[in-house]
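These notes concern the structure reproduced below.
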Amino acid sequence: MNVVKLSKGRDSSLLRRHPWIFSGAVASVSGQPAAGETVAIQDSTGKALGFAAWSPESQIRARMWSFDSDATPGVTPGVIIDEEFIHERLRRAIARRAGLLSPTRSACRLVYAEADDFPGLIVDRYGDYLSCQFLSAGAEFWRDTIIAALAQLSPCLGIYERSDVTVRKHEGLAQRQGLVHGQEPPEQVQIQEQDRLFMVSIQHGHKTGYYLDQYDNRSLVQRLSAGKTVLNCFSYTGGFGIAALKGGAAHVTNVDSSAPTLELAGQNLALNGFDTDQADLVQANVFEYLRELKSKNALYDLIVLDPPKFAETKHQFKKAARAYKDIALQAAQLLNPGGTLVSFSCSGAIDPALFQKITADALLDAGRQGRITHYLHQAEDHPVALPFPEALYLKGLVCVLD
Ligand code: SAH
């Protein structure tokens, strides 16, 4: 097996079980490991630190499969990264969610990459279908094994691949999308989240099809919405809007810039028994629409802001912070006294403390006061492994204004 030796002092993150090895930490590589191939990792003195998947094109040059430091390549076999190992990792990830799927919940994430000790692999279940993404050279290397194991471990009618994401470029991988096992999912697959029903387009939806990470937060908005007028900004296919109506909202306005997304939102409203008297679908840029509403003196009782990731990288965080502040400021001016702002950020580069500060500044500039009643985050099927805090990306605040 090829051996990757780290530079002196560059093993500290690995000793804390953080799974990434950056290119700058690599001192030497024996042989020419292929993309995704398993390499043995050693510190500068030759002490074994474990095994990793090699990513020759990426700044994250290797991702750890195992921290089995007892194994010395060529001396003791240690952990073998083979089909059985891959199968067992997937089995464990799926077993962690055993209690989540139920007759009233037919969709959840089954594998969440580093958080499930499976760098680069995302697998979501939508009813009878799985939707997956291979995001690293290591996940790609084991693709056929992973697909076969998933079909066995989480029986389904079909597995669809949504590796049509730009991050694959960093790994030297082309984008790819298509059926990889069983039957092609229908254009729309129905899922259930408690008493909420949604049509999900696995082939054309965002990410793997839907925003499963907001599951608990939709339930919370449902609970907070009775009798309220709701403005659901960045609505996608209507998730928070439908939750609000199920919770007894008086009226919901859903705003999104994407026409196909709103079309599906309309179908989802009908699927849940709501008609156009109860819900508007507005195709608009939220930044402009909030200003338009202000000029019309519109007021709401509850506003949800769930924008796309404004900061793709750490370098963009200032620009992103301004955007988060802008929408929170505009929204705060549209809330009735006692109104509720539910504001999210899914940018990993904006940490929870900064997001709270941005929100506080926005409310101050809007001339509104209030208090935070809930600190929100991604649902439990998107856990955060303790050594890998980067997995926490979604945070939200519920602020009740004076
Ligand atoms: N709240 C949704 C997920 C929102 S994803 C849910 O729980 O399912 C972000 C959405 O914002 C996408 O649907 C995207 O089309 C939309 N979007 C992105 N930029 C926008 C903008 N400037 N104005 C309006 N919508 C925008």
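Each residue of the stretch 169-178 is assigned a 3J(HN,Hα), and the resulting list reads 4, 4, 9, x, 10, 7, 6, 8, 8, x Hz, derived from the Karplus form 6.51 cos²θ - 1.76 cosθ + 1.60 (θ = phi - 60°), x at Gly and Pro.
Per the Debye calculation on the stretch 317-369 with a single equal scatterer at every Cα and no solvent contribution, log₁₀ I(q)/I(0) for q = 0.15, 0.21, 0.23 Å⁻¹ amounts to -0.37, -0.69, -0.82. Helix 259-271 and the long axis of the chain differ in direction by around 70°, with both axes built from C-alpha atoms.
Scanning residues 5 or more positions from Thr373 or on other chains, those with amide H under 5 Å from its amide H are Val398, Cys399, Val400, with H placed 1.01 Å from N in the peptide plane.
Close amide-amide hydrogen proximity is noted between Tyr126 and Ser131, each under 5 Å apart and 5 or more residues distant or on a separate chain (H modeled in the peptide plane; Pro and chain starts excluded).
In what order, largest first, do Asp277, Asp381, Asp164, Asp365 sit by accessible area if the probe radius is 1.4 Å?
Details: Asp277 125, Asp381 0, Asp164 45, Asp365 90 Å².
Descending accessible area places them as Asp277, Asp365, Asp164, Asp381.
The C-alpha atoms of the chain define a longest principal axis, and helix 317-332 lies at about 20 degrees to it.
Relative to its Kirkwood radius, the Cα radius of gyration of the stretch 146-185 gives an Rg/Rh of 1.07.
I need the Kirkwood Rh of the stretch 178-275: take the reciprocal of the average 1/r across all distinct C-alpha pairs and report it in angstrom. Before the final figure, lay out the partial values.
Working: mean 1/r = 0.0729 Å⁻¹.
Taking every pair of different Cα atoms in the stretch 178-275, averaging 1/r and inverting gives 13.7 Å.
These residues, Met199, Met64, Met1, go from largest to smallest accessible area, 1.4 Å probe, as Met1, Met199, Met64.
P(r) for the stretch 275-377, from all Cα pairs and a bin width of 10 Å, is 14, 47, 31, 7, 0 %, short bins first.
The convex hull drawn around the Cα atoms of the stretch 102-203, when projected onto a plane and averaged over every direction, covers 6.4 nm².
At full extension, Ala270 and Glu88 could sit 61.3 nm farther apart than now, given 0.36 nm per residue minus the alpha carbon distance. D by Stokes-Einstein for the stretch 223-265, Kirkwood Rh over Cα pairs, 10 °C, 1.306 mPa s: 158 µm²/s. The string of couplings for the stretch 83-93 from the Karplus curve (6.51, -1.76, 1.60, θ = phi - 60°) is 4, 5, 4, 4, 4, 5, 4, 5, 4, 5, 4 Hz, one whole number per residue in order, with x for Gly and Pro. Remark: C-alpha extents of the chain on the principal axes read 73, 46, 34 Å, sorted largest to smallest. Compactness check for the stretch 12-165: Cα Rg over 2.2 N^0.38 Å is 1.10. Charged neighbours of Ser136, selected by a Cβ distance under 9 Å, balance to 0 (K, R count +1; D, E count -1). Per residue, the chain exposes an accessible area of 43 Å² to a 1.4 Å probe, with every protein chain left in place. Take Tyr211: with every protein chain present and a 1.4 Å probe, its accessible area is about 60 Å². Counting only protein heavy atoms and a probe of 1.4 Å, the accessible surface of the stretch 1-155 is 50% carbon and sulfur.
Go through 144-157, 24-37 and give me the packing order, highest mean Cβ count within 10 Å leading.
Working: 144-157: 17.0, 24-37: 15.1.
Ranking, from highest mean packing down: 144-157, 24-37.
Considering only Cα-Cα distances, which of the following residue pairs are longer than 30 Å: Lys47/Lys169; Lys207/Lys314; Lys246/Lys309? Each step should come with its number before you reach the end.
Numbers: Lys47/Lys169 33 Å; Lys207/Lys314 21 Å; Lys246/Lys309 27 Å.
Violating the 30 Å limit, Cα to Cα: Lys47/Lys169.
Once you wrap a convex hull around the alpha carbon atoms of the stretch 335-402, what is its projected area averaged over all directions, in nm²? Spell out each step's value before the answer.
Values: hull surface 19.3 nm².
Averaging across all directions leaves 4.8 nm² for the Cα convex hull.
In the complete set of protein chains, residue-level accessible area for Ile372 is approximately 60 Å², probe 1.4 angstrom. At the residue level, Val180 shows approximately 40 square angstrom of accessible surface with a 1.4 angstrom probe and all protein chains present.
The values are calculated or read from the model by the stated rules, or taken from the named source; none is laboratory data. Note that the coordinates shown come from a computational prediction; the quantities given were computed from them, not determined experimentally. Note that each Cβ is placed from the backbone with ideal geometry, even for glycine, and that neighbours are counted across all protein chains shown. Side chains included, ligands, DNA and RNA excluded: accessible areas come from the protein's heavy atoms. Shrake-Rupley method; radii C 1.70, N 1.55, O 1.52, S 1.80 Å.
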